[in-house]
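Every read-out reported here was derived from the displayed coordinates using simple, explicitly stated rules and does not represent laboratory data. Everything quoted here is computed from the prediction, not taken from an experiment. When we count neighbours, we look across all protein chains shown, and the Cβ atoms used for this are built from the backbone with ideal geometry, even at glycine.
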Amino acid sequence: MPMIEPVALSTLTTFRVGGVPAAMVASQTEQELVDEALVVWSLDEDWMLLAGGSNTVAGDEGFEGTVIRIVTRGIERLDATQTADASAPDTVLLRVQAGEPWDELVAYTVAQGWAGIEALSGIPGSCGAAPVQNIGAYGQELADSLVAISFLDYETGEVVRLTADALGLDYRTSALKRGLRGIVLAIELELHDTEREASVVGAVLGQPIHYGQLAGALGVQVGDRVALSTVRETVLALRAAKGMVLDAADSDTWSAGSFFTNPIVSENFARSLPTALPRWPLAVEVPDRVIPLDDYFGVGPVPGIDQVQLVKLSAAWLIENAGIRRGFSLPGSQAAVSSKHTLALTNRGGASAEQIAELARYVLGRVQADFGINLQPEPVLVGLTL
Ligand SMILES: Cc1cc2nc3c(=O)[nH]c(=O)nc-3n(C[C@H](O)[C@H](O)[C@H](O)COP(=O)(O)OP(=O)(O)OC[C@H]3O[C@@H](n4cnc5c(N)ncnc54)[C@H](O)[C@@H]3O)c2cc1C
């Protein structure tokens, strides 16, 4: 087994916190990764996966078990005519190894003139982790392009191909985040080859812009299409202004990106909140059975319903209006709210994981006290509780 000397998780995570784990393995190929994981799992000890470390907050004590590092690389173009999943002409099908850095993939596809993930430029981390929380930004999400994953199932020890619709991809979540244990070995993406269109219209255009702020920055209307490379550059600039592009020289980016997800509550409950709070209605959900809303959203029981209009709320607004400003930190702590964006908690340098947890608890408490909403953390917490 390719055991490696364990190093502190602070050196492998973008939050720069976390102690030394008991053991660590890393392998270079997909098959080695399968073999190595099966050995680790047969030990019946604790294990965790770590790829880019950009959505993991690891505790100061490290980790008692084995960290399986995901470092496999490679992008393969599949024959789109041979698969039933490819629905349209000009389709490009890619199979990408789990350890491939996501933003390098985006840069590559944009350079090739392949549209579909350009608005997801600048998101750190790996391709294998992308389905875990269905990464999304600026009007695109992975679910728009994901066809399938190759998955090593922890329960069966088998490698299976799971299509995207079996993954329950939703806003910053998936079956993988909700308890389906195993390893994403590779992802398959369907993109749009713009070459034929470009020869007609004379420009390499991205997908229609779906996000108002991005459309504004580009000087176009929502629904318009813009040169693929311009979308990437504009997204990167917007993200950098918010500290959402990793920068070793800028501690506002030493984070896990957004620390809290935008809460989803019933429309009924949302009506009791200040009208200035930005909100986005979601499609009406018709559950198979009546569910007590408090289980899901912490908003109090709503008995006897069979149809719920849901609304997504701005977590950043809730935090700011609970009196927590950009740059805020607790006395004596190196953990701070980003000076560029209230939704990101950051490490100003030398913060402990516990200091980050303390700050998160403080933010949670203030928002709960002022608005009665329990914000949910977006990153995966290892050896830490809020
Ligand atoms: C500055 C910054 C900006 C960000 N902006 C965004 C954004 O705009 N949108 C967004 O959605 N996210 C954003 N994120 C969060 C993060 O980049 C993504 O969640 C990313 O997909 C995490 O990838 P990773 O490889 O770093 O995951 P890791 O932190 O290594 O792992 C995260 C989780 O995924 C699991 N995992 C990792 N690899 C695999 C695998 N191969 N198979 C199964 N499970 C796996 C791990 O077990 C862990 O539970 C941002 C983070 C930072 C630091």
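Ordered by packing density, taken as the mean number of other Cβ atoms within 10 Å over each peptide's residues, highest first, how do 205-214, 126-135, 333-342 rank? Write down the numbers at each step before the final one.
Numbers: 205-214: 18.3, 126-135: 25.9, 333-342: 21.6.
The peptides rank, most packed first, as 126-135, 333-342, 205-214.
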Would you mind calculating the gained length between residue 108 and residue 368 on full extension (0.36 nm times residue separation, minus the Cα-Cα distance), in nm to one decimal? 89.3 nm
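Taking loop as defined by DSSP and a crowding limit of 15 other beta carbons within 10 Å, which trypsin sites (Lys or Arg not before Pro) in region 176-272 fit? List each step's numbers first, then the result.
Details: sites: 177, 178, 181, 196, 225, 232, 239, 242, 271; in loops: 177, 178, 181, 225, 242, 271.
Those that pass, being in a loop and sparsely packed, are 178, 181, 271.
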quick shape note, region 3-70: Cα extents on principal axes in Å, largest first -> 30, 22, 19
To two decimal places, what compactness ratio does the chain give when its Cα radius of gyration is scaled by 2.2 N^0.38 Å? 1.01
With Cα springs under 10 Å, the Gaussian network model of the chain assigns the largest mean-square fluctuation among 106, 201, 17 to 201
At 10 °C in a medium of viscosity 1.306 mPa s, region 75-241 has a Stokes-Einstein diffusion coefficient, with Rh taken as the Kirkwood radius over alpha carbon pairs, in µm² per second, of 97
Specify which residue in the list 251, 22, 171 is farthest towards the positive end of the charge dipole of the chain, using unit charges on the beta carbon of Lys, Arg (+1) and Asp, Glu (-1), about the Cα centre. 251
Dipole of region 75-241 [Lys/Arg +1, Asp/Glu -1 at C-beta], most positive-end residue of 223, 75, 92: 223
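So, with +1 on the Cβ of K and R and -1 on the Cβ of D and E, and no other charges, what is the size of the charge dipole of region 174-229 about its Cα centre, to the nearest 20 debye?
Working: 5 positive and 6 negative charges, 87 e Å.
Dipole magnitude for region 174-229 comes out near 420 debye.
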Between residue 227 and residues 5 or more places away or on another chain, which pairs have amide H atoms under 5 Å apart, with H built 1.01 Å from N, and which residues are they? 206
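Take peptides 52-58, 248-254, 32-38 and line them up by average Cβ neighbours within 10 Å, highest first, as a rough protection proxy.
Values: 52-58: 24.6, 248-254: 16.4, 32-38: 18.7.
The most tightly packed comes first, giving 52-58, 32-38, 248-254.
Rounded to the nearest 20 debye, what is the charge dipole size of the chain about its Cα centre when +1 sits on each Lys and Arg Cβ and -1 on each Asp and Glu Cβ? Show your work: numbers first, answer last.
Working: 25 positive and 47 negative charges, 308 e Å.
In total the dipole reaches around 1480 debye.
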Among 189, 234, 66 - extreme Cα towards positive end, dipole of the chain, charges at beta-carbon: 234
Using only alpha carbon positions, build the gyration tensor of region 206-262, then give the equivalent ellipsoid semi-axes as the square roots of 5 times its eigenvalues, largest first, whole angstrom. 25, 13, 8
Arrange the peptides 168-174, 74-80, 352-358 so that the one whose residues have, on average, the most other Cβ atoms within 10 Å appears first. 352-358, 168-174, 74-80
Exposure-ranked with fewest Cβ neighbours within 10 Å first, 24, 48 stand as 48, 24
Which value, to two decimals, describes the C-alpha radius of gyration of region 16-126 once divided by 2.2 N^0.38 Å? 1.31
Taking Cα pairs under 8 Å and at least six residues apart, what relative contact order does the chain come out at, in percent? 15
Through the Karplus equation 6.51 cos²θ - 1.76 cosθ + 1.60, θ set to phi - 60°, convert the phi angles of region 156-164 into ³J(HN,Hα) values in whole Hz; use x for Gly and Pro. 9, x, 9, 8, 10, 9, 10, 6, 4
May I ask you to evaluate 6.51 cos²θ - 1.76 cosθ + 1.60, the Karplus curve with θ = phi - 60°, for each residue of region 200-207 and list the ³J(HN,Hα) values in order in whole Hz, giving x for glycine and proline? 8, 8, x, 8, 8, 9, x, 5
What size of dipole, in debye to the nearest 20, comes out for region 16-103 about its Cα centre when the only charges are +1 on Lys and Arg C-beta atoms and -1 on Asp and Glu C-beta atoms? 320
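If you take every residue apart from residue 234 with its C-beta less than 14 Å away from the C-beta of residue 234, what net charge results, scoring Lys and Arg +1 and Asp and Glu -1? Could you put the intermediate results ahead of the total?
Numbers: positive: 225, 232, 239, 242; negative: 118, 224, 233.
Combined, the nearby Lys, Arg, Asp and Glu give +1.
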For the chain, what are the DSSP H helices with axial Cα length of 24 Å or more and mean Kyte-Doolittle hydropathy of at least 0.5? none
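Of all DSSP beta bridges located in the chain, what percent are antiparallel, nearest 5? Mind dumping the intermediate values first?
Working: 44 of 57 bridges.
The answer is about 75 percent antiparallel.
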